[in-house]
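The values are calculated or read from the model by the stated rules, or taken from the named source; none is laboratory data. Bear in mind the structure is a predicted one, so any value in this text is a computation, not a measurement. So basically every Cβ, Gly included, is an ideal-geometry build from the backbone, and we count neighbours across all protein chains shown. Surface areas here come from the heavy atoms of the whole protein model, side chains and all, with no ligands, DNA or RNA. Shrake-Rupley method; radii C 1.70, N 1.55, O 1.52, S 1.80 Å.
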Amino acid sequence: MGNRLSKIYTRTGDDGSTGLGDGTRVRKDALRVEAYGCTDETNAQVGVLRACLAADHAAQAMLEHIQHDLFDVGGELCIPGYELVTPAYVERLEAAIDAINADLPALKDFILPGGSPAAAAAHVARTVSRRAERRTLSLADVEAVNPQALMYLNRLSDYFFVLARQLARADGGSEVLWRKRD
């Protein structure tokens, strides 16, 4: 991963192919490309979420850490056989989830995404990270994938869920509970 892009367009993908980190060329709709593409999309959504928060918001540091983690996950997915994600990544997310969840009331019903702009952005991050997890799982059905990367993506959506709940309250919003229609 030592190459820097000095020219943004190369024309090498005009035929619908792209290069993996190991130099292999594959179709742009290959499962591996889908998996790291959805991971990249998750990272971009975390950037949107961070932009919704004040620069000194308590969640900023963790969200920046998550963005770095997502680059590691994407790097793994871009280079077959490469592993970066360790159990410590998952443990860090679990600790953050537990810390946020400790201050939240028990949830007995489904909630509708929203609550405040930042909470809504966290809900979008949650759903996008779930897609990244699904695409990575599809890849794992046919090629080797580090199980820690899958676990990380699974916990990540949980993190965004509890963060959305916290943000809805902190931003003066509230959670709207889903009501079954008659």
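The table below lists the values:
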{"item": "Residue check for Thr42: of a type in the set (Ser, Thr, Tyr) and either without any contact (Cβ under 8 Å) to a residue 40 or more places away in the chain or under 18 Å from Ala119 (Cβ atoms) (or both)", "result": "yes"}
{"item": "Boolean, Asp103 is within 17 Å of Val162 (Cβ to Cβ), modelled with pLDDT under 95 and in contact with a helix residue (DSSP H, G or I) (Cβ under 9 Å, 6 or more places away or on another chain)", "result": "yes"}
{"item": "Condition check for Ala51: open to solvent by 20 Å² or more (accessible area, probe 1.4 Å), assigned to a helix (DSSP H, G or I), over 18 Å from Met151 (Cα atoms) and not acidic (Asp, Glu)", "result": "yes"}
{"item": "Test: residue in segment 101-117 that is more than 24 Å from Leu53 (Cβ to Cβ) and out of contact with any strand residue (DSSP E or B) (no Cβ under 9 Å at 6 or more places or on another chain)", "result": "yes"}
{"item": "Top-ranked residue of segment 118-137 - restricted to ones that are under 15 Å from Arg165 (Cβ atoms) and touching an Asp or Glu at 6+ places or on another chain (Cβ under 9 Å), ranked as modelled with the highest pLDDT", "result": "Arg126"}
